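> First the structure, which I've put down as structure tokens, then a few questions once you've had a look.
The values are calculated or read from the model by the stated rules, or taken from the named source; none is laboratory data. These figures come from a predicted structure and were not determined experimentally. So basically every Cβ, Gly included, is an ideal-geometry build from the backbone, and we count neighbours across all protein chains shown. Note: areas computed on protein heavy atoms with side chains; ligands, DNA, RNA excluded. Shrake-Rupley method; radii C 1.70, N 1.55, O 1.52, S 1.80 Å.
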Amino acid sequence: MPAFFAERALLATGWANNVRLEVGADGTLTQVQAEASAEGAERISGVLLPGMPNLHSHAFQRAMAGLAEVASNPNDSFWTWRELMYGMVGKLSPEQVEIIARQLYIEMLKAGYTSVAEFHYVHHDTNGQPYANPAELGLSISRAASSAGIGLTLLPVLYSHSGFGGQPPNAGQRRFIHSTDSYLDLQTRLRSALAGQSTQRLGLCFHSLRAVTAGQISDVLSAEGGSAPIHIHIAEQQKEVDDCLAWSGRRPLQWLYENVAVDNRWCLVHATHAEPDEVALMAASGAVAGLCLTTEANLGDGIFPAVGYLAQGGRFGIGSDSHVSLSVVEELRWLEYGQRLRDTRRNRLYRSDQPMIGRTVFDGALAGGAQALGQPVGGLAPGLRADWLVLDGEDPYLANAQGDALLNRWLFASSENLIRHVMVAGKWVIREGRHLEEQRTKSEFSAVLRALAA
Ligand code: ZN
């Protein structure tokens, strides 16, 4: 049984020294013991931390990251960005989707994300017709995750309408559209395809309240039942809130909580525009708030009321979403900084028993991310997957910090990537900052970018 030995590690039970970790054949931790022997174990030099789940990704958007920073009118918004996104999505082939996703997932691993929830809504060919195998593009994502070696919760998205109240889809959405029946068929196909992948699972996903009707949500939930995670984009934009009010007299979160039994299976992505009563509903329900700080900043979405939410025990995780940034550090830093900028105060996200901001946001994102992915990840403890990252122990800032102060140094003061090695399910996927597939993937990805620009 492979064994590893780390001088410093953040375990589920707290910081520990001289930790021995044993990993079973399926990649699950079988034993984690502090102040243990290193005999026969592979020594890990550096600081051992649990790998971070990334709870929200649209892989293909990595290919357009940084291309939309060009002013086209004084009111550029999410909605003008979406036009550019629709332009690119109209061209992609299954091969290109797989290469972009593999490139992205390698970058994620290097950034400290060891698993990802892929909110996958591009289903059909460029004319909007189903592929011979309707699950083709979902399988591209699954293959990319396998070859990169990242854990995956694949969330095939139900997307049927262009606006509240079941409005017909527009031409830019032609590759996304499923009926409830064709969506349930897609779920069945992907479930059997993923069955043999121990680090992959399937979830349910509604694009947004704009894109599905109340009847569709209840039909899918009653057909699928079970324990799968359920994700939805909920209140990203003020216009979305206004349109929902015009349609129903309710804000998106209000409508959802009044019409659906939201529990801890749910991940509410971009609950950005949440009023205090909605924040209370979210916190009480046990759902996870899916916060995507760098994307929400990039798109000018707004700032989630995280201070009140955490004070009520609300659960959250982080996602890199449109992938303008791939950095656990940057997401967590901006989670705290957004609250500071709004409140003109320091040190906003803490708990009464935990004044260290870095530890509060890191632990919170691990737990919420694991819940949102529905996978046994998010900590170093027996029964959880051996997903971890190793920080450079010789970095002077980290070498001279202890415990939670080390997390604060890393999250709030590092300016280079200090992640040296990354393991997923007991296998090293990043060594000395490099991935085995990195060179091949870079050149294939470069060719994809050239083709898309042509
Ligand atoms: Zn999204």
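> Since Ala386 meets every condition but one in (1) within 16 Å of the ligand (Cβ to nearest atom); (2) open to solvent by less than 10 Å² (accessible area, probe 1.4 Å), which condition does it not meet?
Only one criterion is unmet by Ala386, namely (1).
> If I ask for residues that are within 16 Å of the ligand (Cβ to nearest atom) and assigned to a helix (DSSP H, G or I), which ones from the stretch 101-121 would you list?
Ala101, Leu104, Met108, listed by residue number.
> Now a separate question. Out of all the residues in the stretch 327-352, which are of a type in the set (S, T, N, Q) and either within 16 Å of the ligand (Cβ to nearest atom) or closer than 26 Å to His207 by Cα (or both)?
Within the stretch 327-352, just Ser327 meets the criteria.
> Might you let me know whether the stretch 253-261 holds any residue that is away from the ligand (no atom under 15 Å from the Cβ), outside any helix (DSSP H, G or I), closer than 17 Å to Leu204 by Cα and open to solvent by 10 Å² or more (accessible area, probe 1.4 Å)?
Among the residues of the stretch 253-261, at least one is away from the ligand (no atom under 15 Å from the Cβ), outside any helix (DSSP H, G or I), closer than 17 Å to Leu204 by Cα and open to solvent by 10 Å² or more (accessible area, probe 1.4 Å), which makes the answer yes.
> Considering only the stretch 416-454, state which residues are farther than 14 Å from Ile44 by Cβ, open to solvent by less than 50 Å² (accessible area, probe 1.4 Å) and outside any strand (DSSP E or B).
Correct list: Leu418, Ala425, Gly433, Glu438, Thr441, Phe445, Ala447, Val448, Leu452.
> Being under 23 Å from Leu407 (Cα atoms) and touching a residue at least 60 places away in the same chain (Cβ under 8 Å): is that true of Val329 here?
Yes, satisfied.
> Could you tell me whether Arg409 is out of contact with any Lys or Arg (no Cβ under 6 Å at 6 or more places or on another chain) and surrounded by fewer than 16 Cβ atoms within 10 Å (Cβ to Cβ)?
No, not satisfied.
> Could you run through the stretch 122-179 and say how many residues are touching a residue at least 24 places away in the same chain (Cβ under 8 Å) and either assigned to a helix (DSSP H, G or I) or among the hydrophobic types (A, V, I, L, M, F, W, C) (or both)?
Number of matching residues: 26.
> Among strands (runs of 3 or more DSSP E) lying entirely in the stretch 262-326, which contain 2 or more residues that are away from the ligand (no atom under 13 Å from the Cβ) and either open to solvent by 10 Å² or more (accessible area, probe 1.4 Å) or of a type in the set (Phe, Trp, Tyr) (or both)?
The qualifying strands (runs of 3 or more DSSP E) are 315-318.
> Which ones in the stretch 10-45 are without any contact (Cβ under 8 Å) to a residue 60 or more places away in the chain, crowded, with 17+ Cβ neighbours inside 10 Å and either hydroxyl-bearing (Ser, Thr, Tyr) or closer than 20 Å to Thr114 by Cα (or both)?
Glu22
> Given the stretch 1-82, what strands (runs of 3 or more DSSP E) lie entirely inside it while holding 2 or more residues that are away from the ligand (no atom under 16 Å from the Cβ)?
By residue number, 3-11, 14-23, 29-33, 42-50.
> Looking at the stretch 332-359 only, could you name the residues that are free of Cβ contacts under 8 Å to residues at least 12 places away in the same chain and either open to solvent by less than 10 Å² (accessible area, probe 1.4 Å) or assigned to a helix (DSSP H, G or I) (or both)?
Within the stretch 332-359, Tyr337, Arg340 qualify.
> So, one more: Please work out which residue is surrounded by the most Cβ atoms within 10 Å (Cβ to Cβ), limiting yourself to the stretch 222-245 and to residues that are touching a residue at least 24 places away in the same chain (Cβ under 8 Å), away from the ligand (no atom under 16 Å from the Cβ) and among the aliphatic types (A, V, I, L, M).
Val241
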